Amino acid sequence: MITHKKLLTRLTVVLWIELVLALSVLGGLIALNIYHEHAQIEANERDRLITQANVISKNLAFQFQGANQALLAIIQEIPEWKHQQQVATKRLTTMASTMPGIRGFDVFDADGTLIYTSFPEYLGMNFSYRDYYQTARRVSDPDRLYVSPPFTGMSGNYILNLTRIIPGKQGEFSGIVTAILDPEYFKPLLASVLYTQDSRSSLIHSKGVLFMSVPDNGLKPGTNLATPGSFFTRHIQSGKAVTVFSGQLYSTRQQRMVAQTTLAPGDLKLHSTLMVAVSRDLERIFRYWYENAMIQIICFSIFALFTFTMLFVFQRRESKHARMAAEHSHALFQSEKLFRSTYDSAAIGMALLGLDGRFMQANRALCHMLGEDEAALCQKTIQQITHPDDHQLDHLLLDSLLTSQRDNYQVEKRFFHSQGHTLWVLLTYSSIKDEAGQLQHFVVQIQDITEYKALQEKLQKQANQDFLTGLPNRRHFIQEANIALARLKRRGGAIALLMIDIDHFKKINDNYGHQAGDVVLQAFARQCQTQLRDIDLISRYGGEEFAILLPDTQKEQAIEIAERLRTTAANTEMHLGNHRALHLTISIGLAATSDTSTSLEKLLVKADAALYHAKQSGRNAVSVAQADAP
C-alpha cells in the first residue's frame, strides 16, 4: 500500500521532471528562435551585399561595352588617318572627353610603337614591354577584349587598359588599340553602394591584383589577393559568378562578410576580367542580434530560476493544505504581476484586441509609439488608426483569422500617430482561443520600421539618381524613356529627344579645377529644370552630356525649347566662388519623330549624330536630325 509520504515524494519527482522537460522545450524554442534570427539576418545581409555588388557590375558592364564599341570604331577609322596625325589626335581626344570613365585612347603598331594617341607627348615611344601589349600579341584573338592587370602608367597614376588587337589584311597581328580607364570615375560608383559606415567596395583584377577600394582599407593598389585560401581565391575556384563568404580576410585579418561578383558584360568575349567585392564588418552586422539574444537568454534564466524557486516553495508547503492554497493563490498573483510587468516593459508594442478590432489593453511601448495613453487607445479600433490604403489588405487577412483559415499572420502597414504623421510598422497578429477552440481575442506585436522603410527608399533613390546633380542617371533615363515610347506606340502623337553637351567643358576643369566643373554641372542642371515642363525628363547622361526627352512634342516646339535652353545658357553668368564667374555655351542635337515604331536606340543615334554636327559646325548651336524617309 502506497503511503501518503511516498505519494508526495512520487508527485514531487513527477513535478520536477515535468518542469525540467518544459524548460528544456522552452529553452530549445528560444535557441531555435535565436538561430533563425541569426540565419535571417545573415540571409538578408547576403542578399543586400549581392544586390550592391550587382549594381556596380551592371554599371561596369555598360562601361566595358561602351569602351569596346569605341575601340571597334577606332580600328575602322585607322586607315583614314594615314599621314594625318593631327586628325587622329583630335579624334581620339574628342572620343575620350565624351566617354565617362575613359582617360584616353592609344594605337600601337605591330612592334609596340605608339603611332596615334590622346597624349601626343608620348608619341613614338615603344611600349612593347607592357603586359597589355605582350598578352594581346601572344593570344592574338581579334574577337576578344583584353583587360589588363592594373599598373602604374607614365603619369604615375594607377590605371588599367581595355585592349583589342588590330588584324591585318590576312588576319595577322598588326598592332593594338587601347582605352585607358580613369580610376577617378570609379570611386563615386564604388561609394554609391555603401549603405553603412562599415561597408566597403573593391575592384580586383581576375589575376588577383587589387585595383581600388572605397573607403581605403590600408591595402595599396597592386596588392596580390590571389593567395591560397583567400576569399578571392575561393571565389575563382568556385567557378560561380556570385559568391558570399564570411570570416577572417587573409589580407587585413578583419572579420567580414564579402559578396563577390565576376564582371561578365553580355556577349562580350573577355580575356581576363574584373571582380567586384562589397563587404561589411561581421560584428556590426550581428550586433543587435547578439544584444537581443543575450536579453532572451537572461530572461529565460531569470524565468527558469523563478520557476525552480516557485516549485521548491510549492513542494515545501505541500503538506499543509491551507497554507498551500494561500501560497498557490499568492504565486498566481505574483505570476500575473510579473507577466504584466514584462508585458508593460517590453521593447516592442504589444496589445490585446477584441474580435471587432477594438483595443482591450496596450503596453507602454505601443502607447509611446502612437502618442496615445492607454485609456484613449482603448476607445479606438485598430482600423481607425490604419492608413486607408492598407484597409483592404488588413480586412482580408483579419477575415482569415476570424474564419480560422490561419492562426497568425504578419504584415507591413501604416499607422497614424496622434499628431497626424504616418508610421510604418511590422504587425504580427496571433489568435487566442479557449479550451473548446473558440476564438477569444487577438494578441498583436507592433514594431516601428519607419527608419528601415526610409532607408529602403533612400537606397532606391541612390540607384536611380546621379550623385552630383541630383538628376536621374543614365539607367533610370533609359527605363523612363522606354516607358514613354511604349506610351507613344499605344496612343500615337509625337516625341523629341535633345542631346546636350557643354562646350569646352574640359577647359573649365583644366582652368578652374574639377570642383568648379562640378559647380557648373550642378548649376546647368538647375537651369534646365526651371525651363522644362513637369512631363519632360532630363538626365545627366554622362560627363558633361545631358539628355532631355520631350513627350507630346512636335519638332517645331522642340526646336523652340532647344533654342531657349541654348540662349539661356549663353546669356547666364555662372558664379564659381572666390569672385570667379564665366559664361558657357552648349551644343544641342535634336531628334523628333511621330513614328510609333521607333526605338530609343534610333532616337539616341540620330540625336547624337545631330549633336556631333552641331559641335563640328562651331558649337553653341542647335542641330536637328533629318527625318526618316517615308
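The values are calculated or read from the model by the stated rules, or taken from the named source; none is laboratory data. Note that the structure is predicted; figures quoted are calculated from it, not measured. Heads up, the Cβs are rebuilt from the backbone with ideal geometry, glycines too, and the neighbour counts pull from every protein chain shown. Areas reflect the complete protein model, heavy atoms only, side chains present, ligands, DNA and RNA absent. Shrake-Rupley method; radii C 1.70, N 1.55, O 1.52, S 1.80 Å.
Within the range 75-98, at least one residue is closer than 17 Å to Tyr612 by Cα and among the basic types (Lys, Arg). The residue list Leu72, Leu26, Leu15, Leu92 contains one member that is outside the structural domain of Leu162 (by TED's automatic domain parsing) and assigned to a helix (DSSP H, G or I), which is Leu15. Here Val139 passes the criteria (1) within 31 Å of the chain's Cα centre (by Cα); (2) exposed (fewer than 15 other Cβ atoms within 10 Å of the Cβ) except the one numbered (1). With respect to the conditions (1) in contact with a strand residue (DSSP E or B) (Cβ under 8 Å, 6 or more places away or on another chain); (2) more than 19 Å from His271 (Cα to Cα); (3) open to solvent by less than 40 Å² (accessible area, probe 1.4 Å); (4) at pLDDT 90 or above, Ala70 lacks only one, and its number is (2).
In the range 597-612 there is no residue matching the filter, namely being open to solvent by less than 40 Å² (accessible area, probe 1.4 Å), touching a helix residue (DSSP H, G or I) at 6+ places or on another chain (Cβ under 8 Å) and free of Cβ contacts under 8 Å to residues at least 60 places away in the same chain.
Residue count for the range 354-374, restricted to those that are among the charged types (D, E, K, R) and either over 25 Å from Asp399 (Cα atoms) or open to solvent by less than 40 Å² (accessible area, probe 1.4 Å) (or both): 4. Does the range 328-361 hold any residues that are part of a helix (DSSP H, G or I) and either farther than 30 Å from Asn292 by Cα or at pLDDT 80 or above (or both), and which are they? Matches in the range 328-361: His328, Ser329, His330.
Within the range 277-289, residues that are touching a residue at least 24 places away in the same chain (Cβ under 8 Å) sit with their Cβ atoms under 6 Å from residues that are surrounded by fewer than 18 Cβ atoms within 10 Å (Cβ to Cβ), at 6+ positions apart or across chains, in these pairs: Arg280/Asp198; Asp281/Asp198; Leu282/Gln255; Arg284/Asp198; Trp289/Glu37; Trp289/His38; Trp289/Ile41.
So which of Ala591, Ala609, Ala558 ends up being assigned to a helix (DSSP H, G or I), closer than 19 Å to Arg487 by Cβ, among the small types (Gly, Ala, Ser) and not assigned by TED's automatic domain parsing to the domain that holds Asp182? Working first, answer last.
On the way: Ala591 fails: assigned to a helix (DSSP H, G or I); Ala609 fails: closer than 19 Å to Arg487 by Cβ.
Only one candidate passes the filter, namely Ala558.
The strands (runs of 3 or more DSSP E) located wholly in the range 469-555 that include 1 or more residues which are among the hydroxyl-bearing types (Ser, Thr, Tyr) and open to solvent by 10 Å² or more (accessible area, probe 1.4 Å) occupy 537-542. If the condition is being over 22 Å from Ser301 (Cα atoms) and at pLDDT 90 or above, then the range 9-41 contributes Ala39, Gln40, Ile41.
Looking at the range 209-327, what strands (runs of 3 or more DSSP E) fall wholly within it and have at least 2 residues that are touching an Asp or Glu at 6+ places or on another chain (Cβ under 8 Å)?
Where strands (runs of 3 or more DSSP E) fall fully within the range 209-327 and carry at least 2 residues being touching an Asp or Glu at 6+ places or on another chain (Cβ under 8 Å), they are 255-262, 274-281.
If you check Gln65, Gln52, Gln40 for being part of a helix (DSSP H, G or I) and in contact with a Pro (Cβ under 8 Å, 6 or more places away or on another chain), only one passes: Gln65.
Rundown of residues vs (1) surrounded by fewer than 20 Cβ atoms within 10 Å (Cβ to Cβ); (2) at pLDDT below 90; (3) closer than 24 Å to Met499 by Cα; (4) in contact with a helix residue (DSSP H, G or I) (Cβ under 7 Å, 6 or more places away or on another chain), yes/no style:
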{"position": "Glu80", "(1), (2), (3), (4)": "yes, yes, no, no"}
{"position": "Phe108", "(1), (2), (3), (4)": "no, no, no, yes"}
{"position": "Leu114", "(1), (2), (3), (4)": "yes, no, no, yes"}
{"position": "Arg130", "(1), (2), (3), (4)": "yes, no, no, no"}
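Has the range 173-183 got any residue that is surrounded by fewer than 18 Cβ atoms within 10 Å (Cβ to Cβ) and at pLDDT 90 or above? Yes, the range 173-183 contains a residue that is surrounded by fewer than 18 Cβ atoms within 10 Å (Cβ to Cβ) and at pLDDT 90 or above. Within the range 231-245, can one find any residue that is assigned by TED's automatic domain parsing to the domain that holds Tyr158, within 21 Å of Leu189 (Cβ to Cβ), touching a residue at least 60 places away in the same chain (Cβ under 8 Å) and surrounded by fewer than 18 Cβ atoms within 10 Å (Cβ to Cβ)? Yes, there is a match, as at least one residue in the range 231-245 is assigned by TED's automatic domain parsing to the domain that holds Tyr158, within 21 Å of Leu189 (Cβ to Cβ), touching a residue at least 60 places away in the same chain (Cβ under 8 Å) and surrounded by fewer than 18 Cβ atoms within 10 Å (Cβ to Cβ). Of the residues examined, Gln531 is not one that is without any contact (Cβ under 8 Å) to a residue 24 or more places away in the chain and among the polar types (S, T, N, Q).
Checking the stated criteria, Leu401 turns out not to satisfy the condition of being open to solvent by 80 Å² or more (accessible area, probe 1.4 Å), in the same structural domain as Ala362 (by TED's automatic domain parsing) and either closer than 19 Å to Phe359 by Cβ or of a type in the set (A, V, I, L, M, F, W, C) (or both). Tell me which residues, restricted to the range 9-26, are within 24 Å of Tyr290 (Cβ to Cβ), touching a residue at least 24 places away in the same chain (Cβ under 8 Å) and either open to solvent by 80 Å² or more (accessible area, probe 1.4 Å) or out of contact with any helix residue (DSSP H, G or I) (no Cβ under 6 Å at 6 or more places or on another chain) (or both). Passing the criteria: only Leu26.
Residues in the range 577-596 that are in contact (Cβ under 8 Å) with a residue 24 or more places away in the chain and either touching a Cys at 6+ places or on another chain (Cβ under 9 Å) or surrounded by fewer than 19 Cβ atoms within 10 Å (Cβ to Cβ) (or both): Gly577, Arg580, Leu582, Thr585, Ser594, Asp595, Thr596. Given the condition open to solvent by 70 Å² or more (accessible area, probe 1.4 Å), under 30 Å from Leu352 (Cβ atoms), acidic (Asp, Glu) and touching a residue at least 40 places away in the same chain (Cβ under 8 Å), answer yes or no: does some residue in the range 440-457 qualify? Within the range 440-457 (the criterion being open to solvent by 70 Å² or more (accessible area, probe 1.4 Å), under 30 Å from Leu352 (Cβ atoms), acidic (Asp, Glu) and touching a residue at least 40 places away in the same chain (Cβ under 8 Å)), the answer is yes, since at least one residue qualifies.
Table: residues versus (1) touching a strand residue (DSSP E or B) at 6+ places or on another chain (Cβ under 6 Å); (2) modelled with pLDDT under 85.
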position: Glu372; (1), (2): no, no
position: Ala376; (1), (2): no, yes
position: His391; (1), (2): no, yes
position: Ser400; (1), (2): no, yes
position: Asn408; (1), (2): yes, yes
